[in-house]
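A.B. asks: First, the structure itself, so that you have it in front of you.
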Amino acid sequence: MVDLELLAYLETYLTENRRERFNHVLSQRTKHFTVATEDVYQLHNTSAVIRSCDVFGIQEINIVEERNSKRIDREIAMGAQKWVDLNRFHSVKQCLVDLKGKGYQIVATTPHTNDCLLHEFDVTKKSCFFFGRETEGLSQEVIDQADCYLKIPMSGFTESLNISVSAAIILQHVTTKLKQTDIAWELTKEEQQEKRLDWIKKTIKSYDKIVARFYEES
């Protein structure tokens, strides 16, 4: 539970433009959709997906590092990792269990016998879009556990896209369609308060000292 008096106090340390920016961005954030990357080798690809999540209002991204464990490339993510929540997993199984426990259907972004074209996708379902390794694609475990298989229509000779490009195309499409529905896709009031406090903590210098002074004077 967020201390609302503390939150109001901390917001006085923000400029009016920053406060308005936080409010606007939070109003567009969602957990109705999330993204998972599975052992992506090239750091810039994971970082670019994180950036796309921030741009299209996806609050959480799930990163599976079963084989490859690397620090997120801050230069490529361009600070997006400050605003998006990163859930990191050491195994695909652990990630799948967590996501299904939260009520997400698993969407494998890969061609499949029973695949669905992007424009046909049902955005009303709470979904996690899984993206696989650059050369190998998704693991058999994800494919076997998937509830849906999603494909981006292509008309050229090239049969695949870079995962960061695929993620951007899919997220732009599904978030646009989602916001045209009557679904309550926004973060709850409590989630927005928690995230605002988190962002303030990452923005204000000497945060701990300011908080300590607030409680001393309360």
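The values are calculated or read from the model by the stated rules, or taken from the named source; none is laboratory data. Computed from a predicted structure; not experimentally measured. In this analysis, Cβ positions are derived from the backbone assuming ideal geometry, glycine residues included, and neighbour counts consider all displayed protein chains. What goes into the accessible areas is simple: the full protein's heavy atoms, side chains included, and nothing from ligands, DNA or RNA. Shrake-Rupley method; radii C 1.70, N 1.55, O 1.52, S 1.80 Å.
A.B. asks: Show me the helices of the chain, taken as full DSSP H stretches, that run 20 Å or more along their long axis by Cα and average 0.5 or above in Kyte-Doolittle hydropathy.
C.D. replies: 163-178
A.B. asks: If you don't mind, another one. So, for region 76-218, what is the accessible surface per residue at a probe of 1.4 Å, expressed in square angstrom?
C.D. replies: 57 Å²
A.B. asks: What does the net charge come to around residue 14 if you take all other residues with beta carbon closer than 13 Å to its beta carbon, with K and R at +1 and D and E at -1?
C.D. replies: Charge balance in the 13 Å sphere: +4.
A.B. asks: Suppose we take every Cα in region 76-187 and form the convex hull; what volume per residue is that in Å³?
C.D. replies: Working: hull volume 15.7 nm³, N = 112.
Hull volume over Cα atoms, normalised by residue count, gives 140 Å³.
A.B. asks: Which order do you get for 20, 216 if you rank them by accessible area with a 1.4 Å probe, largest at the top? Can you show the working numbers first?
C.D. replies: Numbers: 20 100, 216 145 Å².
Reading off the accessible areas and sorting them downward yields 216, 20.
A.B. asks: Using a 1.4 Å probe over the heavy atoms of the protein chains, calculate the carbon and sulfur portion of the accessible area of the chain as a whole percent.
C.D. replies: Values: 5740 of 11970 Å².
That fraction is 48 percent.
A.B. asks: Can I ask one more? About the Cα centre of the chain, how large is the charge dipole given +1 on each Lys and Arg Cβ and -1 on each Asp and Glu Cβ? Please answer in debye to the nearest 20.
C.D. replies: 460 debye
A.B. asks: With a 1.4 Å probe and every protein chain left in place, tell me how much accessible area residue 125 has, in Å² to the nearest 10.
C.D. replies: 110 Å²
A.B. asks: Tell me, how many Å apart are the Cα centres for region 101-134 and for region 143-180?
C.D. replies: What the calculation gives is 8 Å, centre to centre.
A.B. asks: In whole Å, what are the extents of region 125-213 along the principal axes defined by its C-alpha atoms, from largest to smallest?
C.D. replies: The Cα atoms of region 125-213 stretch 62, 35, 27 Å along the principal axes, largest first.
A.B. asks: At 1.4 Å probe size, put 90, 32, 44, 173 in order of accessible surface, largest to smallest. Display every interim value, and only then the final one.
C.D. replies: Working: 90 140, 32 25, 44 85, 173 50 Å².
Descending order: 90, 44, 173, 32.
A.B. asks: Output needed for the chain: three equivalent-ellipsoid semi-axes, defined as square roots of 5 times the C-alpha gyration tensor eigenvalues, in descending order, whole Å.
C.D. replies: 34, 19, 16
A.B. asks: Let me ask something additional. From largest accessible area down, sort 9, 149; use a 1.4 Å probe on the protein chains.
C.D. replies: 9, 149
A.B. asks: Given the -39500 (n - 2.57) contribution per DSSP H run of 4+ residues, what per-residue ellipticity at 222 nm results for the chain, rounded to the nearest 500 deg cm²/dmol?
C.D. replies: -13000 deg cm²/dmol
A.B. asks: Something else: Residues in region 41-57 near a label at residue 160, defined as backbone nitrogen under 13 Å from the 7 Å Cα→Cβ point?
C.D. replies: Output list for this probe position: 41-42.
A.B. asks: Once fully extended, how much extra length lies between residue 218 and residue 202, figured as 0.36 nm per residue of separation less the alpha-carbon to alpha-carbon distance?
C.D. replies: Residue separation times 0.36 nm, minus the Cα-Cα distance, leaves 3.4 nm.
A.B. asks: Using R₀ = 22 Å, calculate the FRET efficiency as 1/(1 + (r/R₀)^6) where r is the Cβ-Cβ separation of residue 122 and residue 86; round to 0.05.
C.D. replies: E between residue 122 and residue 86, to the nearest 0.05, is 0.20.
A.B. asks: Just add up the charged neighbours of residue 189: K/R +1, D/E -1, any other residue whose Cβ is under 13 Å from the Cβ of residue 189.
C.D. replies: Within the 13 Å Cβ shell, the charges total -1.
A.B. asks: Specify, per residue and in Å³, the volume enclosed by the convex hull of the alpha carbon atoms belonging to region 162-210.
C.D. replies: Given the Cα convex hull of region 162-210, per-residue volume reads 111 Å³.
A.B. asks: Specify the residue with the greatest mean-square fluctuation among 168, 80, 184, computed from a Gaussian network of the chain linking alpha-carbon atoms under 10 Å apart.
C.D. replies: Fluctuation is largest for 184.
A.B. asks: Of the candidates 183, 106, 58, which one comes out as most mobile in a Gaussian network treatment of the chain with C-alpha springs shorter than 10 Å?
C.D. replies: 183
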